[in-house]
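The values are calculated or read from the model by the stated rules, or taken from the named source; none is laboratory data. Since this is a predicted model, take the numbers as computed values, not measurements. Glycine gets a Cβ as well: all are built from the backbone with ideal geometry, and neighbour counts include every protein chain shown.
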Amino acid sequence: GAVVSQHPSWVICKSGTSVKIECRSLDFQATTMFWYRQFPKQSLMLMATSNEGSKATYEQGVEKDKFLINHASLTLSTLTVTSAHPEDSSFYICSAQGPGLAGYEQYFGPGTRLTVT
Amino acid sequence: QKEVEQDPGPLSVPEGAIVSLNCTYSNSAFQYFMWYRQYSRKGPELLMYTYSSGNKEDGRFTAQVDKSSKYISLFIRDSQPSDSATYLCAMKRPGNTGKLIFGQGTTLQVKP
């Protein structure tokens, strides 16, 4: 149980284009999902918290107009990187926290590697 | 000062050794403690989670929390090459935000 998927697992795009990453909780409903960014050999950096049906809460320093987050259902959240640039190349990971679990642990997706050329 | 400190390693041990991974924290408000394992180019996998001080065991893994010292540990018994990964500790304050604070992660290599 508590499986989270991400799609795509790897994407290459040209500078200036937009990329959408999907995060799905497969066997539970996730009232809250989180988006992280991870650079090589570094820990996870929280970008934003999204609650189903409401606007995402962004961490300080994260551009909300660049990283658009939508959490339209209890099983799906999307992150859209708009007008991507090479410095946006990174490993993006989502996690989900559901009401049916213990309540405080998060389950992570496998991650999406974005390369902007 | 970071809220959560974790030695990044790398830590190299022979197969079968007992591994001790540790994190310290500065904020006494943390009440929930988790350990994640992350293989290269993969998302973190939840290994253990605890709420209170004391020990929690699951197979070869034991999580230990000492709130008075603000110190948590993960012990791995009979370590295997497949345990080679980065181990991240994470902590959360009470409340509904769910925001986790992560340690830097410790890279572990178990040599056959």
Of everything in the range A:47-65 that's assigned to a loop (DSSP other than H, G, I, E, B) and among the polar types (S, T, N, Q), which residue is nearest to A:Thr78 (Cα to Cα)?
A:Ser54
Of all residues in the range B:1-16 being surrounded by fewer than 15 Cβ atoms within 10 Å (Cβ to Cβ) and modelled with pLDDT of 95 or more, which is nearest to the other protein chains (Cβ to nearest Cβ)?
B:Ser12
Would you check which residues across the range B:23-35 are of a type outside the set (Gly, Ala, Ser) and free of Cβ contacts under 8 Å to residues at least 60 places away in the same chain and list them?
B:Thr24, B:Phe33, B:Trp35
Which numbered condition in (1) of a type in the set (Val, Ile, Thr); (2) surrounded by 19 or more Cβ atoms within 10 Å (Cβ to Cβ); (3) under 30 Å from B:Pro8 (Cβ atoms) is the only one that A:Thr75 fails?
(3)
Only one of B:Gly98, B:Gly16 that is more than 11 Å from the chain's Cα centre (by Cα), in contact (Cβ under 8 Å) with a residue 60 or more places away in the chain and assigned to a loop (DSSP other than H, G, I, E, B)
B:Gly16
Which of the residues belonging to the range A:68-98 are more than 14 Å from every other protein chain (Cβ to nearest Cβ), part of a strand (DSSP E or B) and of a type in the set (Ser, Thr, Tyr)?
A:Ser73, A:Thr78, A:Thr80
Please name all residue pairs, on different chains or six or more residues apart, with Cβ atoms under 7 Å, provided the first residue is in the range A:31-57 and is away from every other protein chain (no Cβ under 11 Å) and free of Cβ contacts under 8 Å to residues at least 60 places away in the same chain and the second residue is of a type in the set (D, E, K, R) and part of a strand (DSSP E or B).
A:Met47/A:Arg37
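Applying the selection to the range B:77-95, what residues are charged (D, E, K, R) and assigned to a strand (DSSP E or B)? Write out each step before concluding.
Looking only at the range B:77-95, we keep the residues that are charged (D, E, K, R), and these are B:77-78, B:83, B:92-93.
Once the filter is applied, which keeps residues that are charged (D, E, K, R) and assigned to a strand (DSSP E or B), the range B:77-95 yields only B:Lys92.
Among the residues in the range B:54-63, are any away from chain A (no Cβ under 14 Å) and not in a strand (DSSP E or B)? Walk me through it before giving the result.
Quick first cut of the range B:54-63, residues away from chain A (no Cβ under 14 Å) only: B:54-55, B:57, B:59-62.
Remaining after also requiring not in a strand (DSSP E or B): B:59-60.
Within the range B:54-63, one or more residues are away from chain A (no Cβ under 14 Å) and not in a strand (DSSP E or B).
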Taking the range B:64-76 and keeping only residues that are within 30 Å of A:Thr31 (Cβ to Cβ), out of contact with any Leu (no Cβ under 8 Å at 6 or more places or on another chain) and not in a loop (DSSP other than H, G, I, E, B), one is left with B:Val65, B:Ile72
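Take the range A:1-40 and flag every residue that is aliphatic (A, V, I, L, M) and on the phi > 0 side of the Ramachandran plot.
A:Ala2
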Taking the range B:29-52 as the region of interest, how many residues are more than 18 Å from B:Ile101 (Cα to Cα) and surrounded by fewer than 16 Cβ atoms within 10 Å (Cβ to Cβ)?
3
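I need a count of the residues in the range A:7-26 that are of a type in the set (A, V, I, L, M) and assigned to a loop (DSSP other than H, G, I, E, B). So that I can check it myself, show each step before the final result.
Restricting attention to the range A:7-26, the residues satisfying the condition of being of a type in the set (A, V, I, L, M) are A:11-12, A:19, A:21, A:26.
Next cut, assigned to a loop (DSSP other than H, G, I, E, B) only: A:26.
Of the residues in the range A:7-26, 1 are of a type in the set (A, V, I, L, M) and assigned to a loop (DSSP other than H, G, I, E, B).
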